[in-house]
Amino acid sequence: ELESDRRTVTDTASADLRRIERDLHDGAQARLVALAMGLGLAKEKLPADPETAAKMVDEAHGEVKLALAELRDLARGIHPAILTDRGLGPALSNLAARCTVPTTITTDLPTRPAPAIEGIAYFTVSELLQNISKHSHATHATVDLWRTDDRLLIQITDNGHGGATTEGGTGLSGLTERLDSVDGLLLLDSPTGGPTTITAELPWRERDGSDGSGGSARGAGDRRS
């Protein structure tokens with residue numbers, strides 16, 4: 001079982017690195033290469049045709065903005081700054097604001113868990129909200145987080161058509177494996193016709209106070225997109 005968990009963690013890390021490399025190569029890197037070429041052409045045209053050169057520089061300015069947006073999205077996908085700075089409540093409210101299905105977030109955590117657990121909880125909710133947006137046909141979803149004894153619990157409910165499954169190599173299957181690799185658990189209740197309720201359990205690990213961010217994370221947010 002330990003060998004299987006270790007393999008899952010290793011495979012997940014490798015897949016994430018490949019995704020980051022692909023996104024950089026196909027997105028921001030390609031855009032920056034095109035930007036460099038465009039500015040080079042503008043530099044050549046500047047003495048003879050300053051008006052055209054000015055238009056090209058203006059287009060390059062737009063490309064810079066797009067490249068910065070892509071890099072911000074990529075950084076958010078690796079580890080969002082709001083999660084590091086403010087914790088799960090604000091970070092999940094930010095997720096809800098970007099979800100295509102109106103979502104209510106409620107958190108009740110007396111303190112912040114260890115960064116690794118916090119990160120897994122964030123990306124678990126992120127992936128489940130993406131599934132709701134893509135597949136559920138729901139009109140509303142709720143996300144609740146709380147601590148009980150030595151566990152962090154996450155419950156996500158939507159009023160979609162149900163029928164979700166962890167079988168057949170679905171995203172939920174991969175998420176189940178990820179949680180299992182850290183002694184977590186994913187419970188699914190999704191009858192045909194809905195609603196769907198997914199409960200994720202993670203081990204609670206205390207945050208090291210030396211990082212300066214071990215303050216209270218209690219609070220309830222109600223954020224709709």
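The values are calculated or read from the model by the stated rules, or taken from the named source; none is laboratory data. This is a predicted model, so every value here is computed, not measured. As a convention, Cβ positions derive from the backbone with ideal geometry for all residues, glycine included, and neighbour counts pool all protein chains shown. These accessible areas exclude ligands, DNA and RNA; they are computed on the full protein's heavy atoms, side chains included. Shrake-Rupley method; radii C 1.70, N 1.55, O 1.52, S 1.80 Å.
Remarks
- Boolean, residue 194 is open to solvent by less than 60 Å² (accessible area, probe 1.4 Å) and either more than 28 Å from residue 112 (Cα to Cα) or touching a residue at least 60 places away in the same chain (Cβ under 8 Å) (or both): yes
- Put simply, of 142, 106 the only residue that is hydroxyl-bearing (Ser, Thr, Tyr), touching an Asp or Glu at 6+ places or on another chain (Cβ under 7 Å) and farther than 30 Å from residue 3 by Cα is 106.
- Flag if residue 96 is in a helix (DSSP H, G or I), touching a residue at least 60 places away in the same chain (Cβ under 8 Å) and open to solvent by less than 10 Å² (accessible area, probe 1.4 Å): yes
- Every condition in (1) more than 27 Å from residue 2 (Cα to Cα); (2) among the hydrophobic types (A, V, I, L, M, F, W, C); (3) within 17 Å of the chain's Cα centre (by Cα) holds for residue 154 except the one numbered (1).
- Looking only at the range 179-225, and only at residues there that are over 20 Å from residue 127 (Cα atoms) and basic (Lys, Arg), the one that is modelled with the highest pLDDT: 205
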